[in-house]
Amino acid sequence: MKQFILNLKRKKIMIPVLCVVLCTLLLAGCGRSLVITTGFGKGQVFRLGKTRGKTGELRVYMLDLQKESENLYGDAIWMSADSEKMQEAVKSQALARLTRVKALGQMAISRDVMLTNLEEDLAQQAERNYFAGLSEEEKKYLDLSEKELLNIMKEYALAARMWYSLGDSAEETYEEYYSGTQCDLNTKLWQKITLKKVEGDPAAPGFGQCYREMFAGVEYPASFENSGSGTTSAAGEEPEDLTEDSEESEDDEDEDDEDDEDEEDDAQEAGDAEKESADKERESVDKGKESESADKEKESADKEKKSESADKGKESADKSEKTDKKKEASEESPE
């Protein structure tokens with residue numbers, strides 16, 4: 001009996017300890033991480049500095065990543081031996097993405113970085129496109145008004161602008177800010193959050209896609225999503241991106257193939273150009289030789305003409321001299 005009570009006490013102690021370890025890893029990268037369950041408002045999943053992350057916002061990113069993984073892997077996320085791990089990866093990555101957006105938003109406020117009027121309009125149109133593509137079941141799952149979705153889209157766009165404004169030092173500057181920011185996770189609420197299979201149109205554009213389509217002409221990309229801190233999973237490792245890594249890998253392969261083809265084309269063009277240059281040079285040399293030969297032939301012909309003319313002149317002089325001698329001889333002879 002005493003042993004049973006001792007084991008029970010040990011289990012009661014270990015459960016909250018494991019939860020603390022798990023949630024601390026989720027917030028890896030924060031300089032002063034605290035894992036608590038009190039002091040949060042309704043629906044608040046985490047605190048990051050002066051900002052809060054709510055369940056409604058988290059569900060937007062969860063649904064987006066969930067739909068992307070469904071499009072790539074089908075029902076494997078729900079019906080496979082690794083479904084639980086896949087769901088946890090989606091959930092963790094959604095938290096990491098929302099955390100990063102919030103952190104960059106706080107940096108933007110502190111540096112007076114704001115969206116332009118054009119970007120405000122683009123964000124509004126992106127939200128409308130996103131909302132129009134949601135099924136009734138998805139709208140019910142998110143439980144957010146269009147105004148709330150618009151705010152989430154604007155925060156996302158502002159995070160991208162902030163990241164771009166940092167230039168080449170974006171990663172370093174972000175890491176410095178993030179490591180010195182207070183991070184608190186509402187573990188009690190976090191443990192209750194789970195993925196839910198929601199019926200929707202697979203062809204409908206997701207949150208991130210709507211943003212990228214509307215902001216395609218803007219100079220800054222949404223490359224901040226999977227960089228640096230704020231992307232650590234419950235296992236203490238970078239969460240597996242269920243769609244983007246695969247797509248980027250395929251894109252990289254296509255780009256490599258295109259680069260190889262371009263290099264081959266460039267090499268071929270260079271070879272053709274070199275050959276053409278050599279042919280022209282050879283042709284020029286041949287023309288030079290032909291011209292030189294023609295000049296020599298002309299010079300030779302001129303010499304022959306001059307020689308012939310000289311011979312004729314000499315012959316004419318000889319005849320004239322003979323004629324004069326005959327004439328003199330005739331005059332000298334007696335009659």
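The values are calculated or read from the model by the stated rules, or taken from the named source; none is laboratory data. Keep in mind that what you see is a predicted model, and the values were worked out from it rather than measured. Using ideal geometry, Cβ is built from the backbone for each residue, glycine included, and neighbour counts are taken over all protein chains shown.
Whether any residue in the range 129-140 is in the same structural domain as Gly208 (by TED's automatic domain parsing), touching a Ser or Thr at 6+ places or on another chain (Cβ under 6 Å) and touching a residue at least 12 places away in the same chain (Cβ under 8 Å) is what I want to check.
no
Filter the range 122-166 down to the residues that are farther than 18 Å from Glu57 by Cα, at pLDDT below 95 and assigned to a helix (DSSP H, G or I) and list them by number.
Across the range 122-166, the qualifying residues are Arg161, Met162, Trp163, Tyr164, Ser165.
Just to be sure, is Leu98 in contact with a Gly (Cβ under 7 Å, 6 or more places away or on another chain), within 19 Å of Arg52 (Cα to Cα) and hydrophobic (A, V, I, L, M, F, W, C)?
yes
Answer yes if at least one residue in the range 70-89 is farther than 28 Å from Gln209 by Cα, modelled with pLDDT under 85 and either not in a helix (DSSP H, G or I) or not acidic (Asp, Glu) (or both), and no otherwise.
Among the residues of the range 70-89, not one is farther than 28 Å from Gln209 by Cα, modelled with pLDDT under 85 and either not in a helix (DSSP H, G or I) or not acidic (Asp, Glu) (or both), which makes the answer no.
What tally of residues in the range 53-94 results from selecting those that are farther than 21 Å from Glu146 by Cα, buried (at least 22 other Cβ atoms within 10 Å of the Cβ) and either among the charged types (D, E, K, R) or not assigned by TED's automatic domain parsing to the domain that holds Leu134 (or both)?
Qualifying residue count for the region: 1.
Could you list all residues from the range 167-185 that are of a type in the set (Gly, Ala, Ser) and outside any helix (DSSP H, G or I)?
Once the filter is applied, which keeps residues that are of a type in the set (Gly, Ala, Ser) and outside any helix (DSSP H, G or I), the range 167-185 yields only Gly180.
For the range 101-121, does any single residue satisfy the condition of being part of a helix (DSSP H, G or I), surrounded by fewer than 20 Cβ atoms within 10 Å (Cβ to Cβ), assigned by TED's automatic domain parsing to the domain that holds Glu155 and touching a Ser or Thr at 6+ places or on another chain (Cβ under 6 Å)?
The answer is yes; a qualifying residue exists.
Could you check how many residues of the range 128-145 are loosely packed, with under 15 Cβ neighbours inside 10 Å and of a type in the set (D, E, K, R)?
4
Out of (1) loosely packed, with under 12 Cβ neighbours inside 10 Å; (2) touching a helix residue (DSSP H, G or I) at 6+ places or on another chain (Cβ under 8 Å), the odd one out for Gly180 is which?
(2) is the only condition that Gly180 fails.
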